[in-house]
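Inspection log for the structure reproduced underneath, given as C-alpha cells.
What follows draws every value from the coordinates through simple rules; no lab data is involved. In this text, all values refer to a predicted model and were calculated from it rather than measured experimentally. Neighbour counts are summed over all protein chains in view; Cβ atoms, including those assigned to glycine, are modelled from backbone coordinates with ideal geometry.
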Protein chains: 2
Amino acid sequence: MRRLYSYFRSSASFRVRIALGFKGLPYEYVPVHLTKDGGEQFVPAFRALNPDALIPVLDDDGRVLTQSLAIIEYLDETHPEPPLLPRDALERAYVRAFALGIACEIHPLNNLRVLRYLVRQLGADDDAKNAWYRHWVEEGLASLEARVLAEGRSGRHVLGDTVTLADVVLVPQIFNARRFDCRLDHVPTLMRICERCLELAPFVEAQPESQPDAE
Amino acid sequence: MRRLYSYFRSSASFRVRIALGFKGLPYEYVPVHLTKDGGEQFVPAFRALNPDALIPVLDDDGRVLTQSLAIIEYLDETHPEPPLLPRDALERAYVRAFALGIACEIHPLNNLRVLRYLVRQLGADDDAKNAWYRHWVEEGLASLEARVLAEGRSGRHVLGDTVTLADVVLVPQIFNARRFDCRLDHVPTLMRICERCLELAPFVEAQPESQPDAE
C-alpha cells in the first residue's frame, strides 16, 4: 500500500506526484490542508509521521519517507525504469544541481511558513511579501536560464530530450511563479521546456487543479 | 587537477571540504571572498564558471560542478570508498532527507544574500536579522533532533556508527549556529554526534579556521 500525503498547491508534493506518475506507480492520495484550521500538518498524528510538519510524506507500505528529492531518488532506485537520473555521473551531477538550484535556492524562501514570518514578525505588507516572493523566483530562474544556455545541453527537456529530475522540479516551480504573477519572459528556454513537459501525462495528471483536494 | 572554489566561512563549501577529505582526494583551494569589494562571486570570471554566483564550485579536471549536495553525490559515485551513502535504498533516503532538512529547510534562509535583503529591502535591524537567523536554525535543528530520537537509528553518527552525508551536512550547520549564538541545548543528540565527528581528521581539517583564507 502506497500513500502520498499531499496538498494540491504544494510544489514539493507536485514533484513527487510527477515522479510517481512517471514511474507508473499507483498511490492513495491523502490530503493535508496546509491552511485550514491552523494547518493540518501541525496535528499530532501528522507530526508523528513527520516531525518537520512538512509535506510531502510518502508511506511506502509502512516505510515513511520525507523530503521530496530524497523520495524521488528512492523511487528512482527502487523502480529504475523509466529512469529520472542519467547513468553518467557528470550528467547526474548536472541534473541534481539544476534541481537543487530550485529546491535550495528558490523554493525554501517562498514557503508558507517563511511568508508568514515576514508578515507576522517583520511586519511586511502584501506588497513587500509579493516583492520578496517574486525577487527569489525571478532571480533564481534567471540563473537557471543562464546555466542552461551556457551549457547548451537542453533539448525538449533540461538535459537533452529525456525527462529527468530537473524537469520534475522545474515544472512545479513555474506553476508557483505563475500563481504569484512573477515575470517569466526572461526565461524563454525554461518556459519552452515546461510546455514540452505539459504535453506528457505524468505532468498533466500531477498538476494542482487535477488533485482531489483542489479548490 | 582538482580545484575547489571556497570561502572559509561558507557552510556549503565546508560540506564539500569534508567530503573531499573523507575520500582522501587532494585539491587546490581557490578562495572566493564573499564580502570583499562587493563580493568576488559577482566578478565576471567567476560568474562564467557559475551563473548563480554561489560557492562552492568544484573544477574536477575541467568538469565544473555546482551545488554542494550534487558535488558530494558525484564524489561518492566516482570515488565510492569509503562511502558517504549507505547501500540500502531506504537508508539512503533517510540520510538524504536528513541532509535536505538542513540544505533546504535551514541554510537557504540564512544565506548572505537573504540576510542582505532583510536589511536593505525590508528594513530589518540587527536584532530582527539575528532573530530571523536563530529562528530557522533553532526550529530546523529541533525537527531533526525529534526525527533522530523518533527513529532511534543514531549511534556515534546520524545513522549508526558510520559517517554519512547526514553528518557531513550537520557539522557545518552547527558551526553556523554557534557563530550566530543560536540556542543548542535543545538538540543534545545532534551536538553529541557533532562532537564525535570532530574527533575525525576530515572534519577537523575542513573547518573554517583551518582554511587558507581564514581571518
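Considering only chain B, the C-beta nearest to the rotation axis that sends B to A is found at B:P108, 2, the distance in whole Å. Comparing A:S143, A:S68, A:S13 in a Gaussian network model of chain A where C-alpha atoms under 10 Å apart are linked, the largest mean-square fluctuation is found at A:S143. With a Förster radius of 25 Å applied to the beta-carbon distance between B:E138 and A:V43, the computed FRET efficiency rounds to 0.65. Residue order for A:F42, A:F8, B:F175, fewest other beta carbons within 10 angstrom first, comes to A:F42, B:F175, A:F8.
Beta bridges per DSSP, both residues in chain A: antiparallel share near 60 percent.
Fully extending the segment from B:T78 to B:R192, taken as 0.36 nm per residue of separation minus the present Cα-Cα distance, adds 38.0 nm.
Here chain A is assigned +1 on the Cβ of each Lys and Arg and -1 on the Cβ of each Asp and Glu. Its dipole about the Cα centre then comes out at about 240 debye.
Across the range A:20-34, computed HN-Hα scalar couplings (Karplus, 6.51 cos²θ - 1.76 cosθ + 1.60, θ = phi - 60°) run 4, x, 4, 7, x, 9, x, 7, 8, 8, 10, x, 10, 7, 7 Hz from first to last residue, x flagging Gly and Pro. Distances between copies at B:H33, taken between label points 7 Å from Cα along the C-beta direction, are 5.5 nm in increasing order. If R0 is 30 Å, the Cβ-Cβ spacing of B:D126 and A:E215 corresponds to a FRET efficiency of close to 0.15. Considering only B:Q67, A:L170, A:S10, and ranking their Cα positions along the charge dipole of the protein assembly as shown that arises from unit charges at the beta-carbon of Lys, Arg, Asp and Glu, the one farthest toward the positive end is A:S10. Taking the charge dipole of the protein assembly as shown about its Cα centre, with +1 at Lys and Arg Cβ atoms and -1 at Asp and Glu Cβ atoms, the residue from A:Y94, A:A128, B:C197 reaching farthest to the positive side is A:A128.
Here the dipole of the protein assembly as shown is about 240 debye; that uses its Cα centre as origin and unit charges on the Cβ of Lys and Arg (positive) and Asp and Glu (negative). Semi-axes of the equivalent ellipsoid for chain B, computed as √(5λ) from the eigenvalues of its C-alpha gyration tensor and ordered from largest down, come to 26, 24, 14 Å. With 10 Å bins beginning at zero, the pair-distance distribution over Cα atoms of the range A:74-177 amounts to 14, 41, 26, 15, 4 %.
Rounded to the nearest 500, the helix-only mean residue ellipticity at 222 nm of chain A stands at -16000 deg cm²/dmol, with each DSSP H run of n ≥ 4 adding -39,500 (n - 2.57). Assuming charge only on the beta carbon of Lys and Arg (+1) and of Asp and Glu (-1), the dipole of the range A:54-106 about its Cα centre is about 160 debye to the nearest 20. Between A:Q121, A:Q41, A:Q173, the Gaussian network model of chain A with springs among Cα atoms under 10 angstrom shows the greatest mean-square fluctuation at A:Q121. Across identical copies of the chain, A:T162 has label-point separations of 2.8 nm, listed in ascending order, with the point defined 7 angstrom from Cα along Cα→Cβ. Every Cα-Cα pair in the range B:1-71 was counted, and those over 20 Å apart are 20% of them. Three principal axis extents describe the C-alpha atoms of the protein assembly as shown; from largest down they are 54, 47, 46 Å. In nanometres and ascending order, the distances from the B:D127 label point to those of the other copies are 2.7 (point 7 Å from Cα along Cα→Cβ). Close amide H partners of B:T162, meaning residues 5 or more places away or on another chain with modelled amide H under 5 Å apart, are B:H157.
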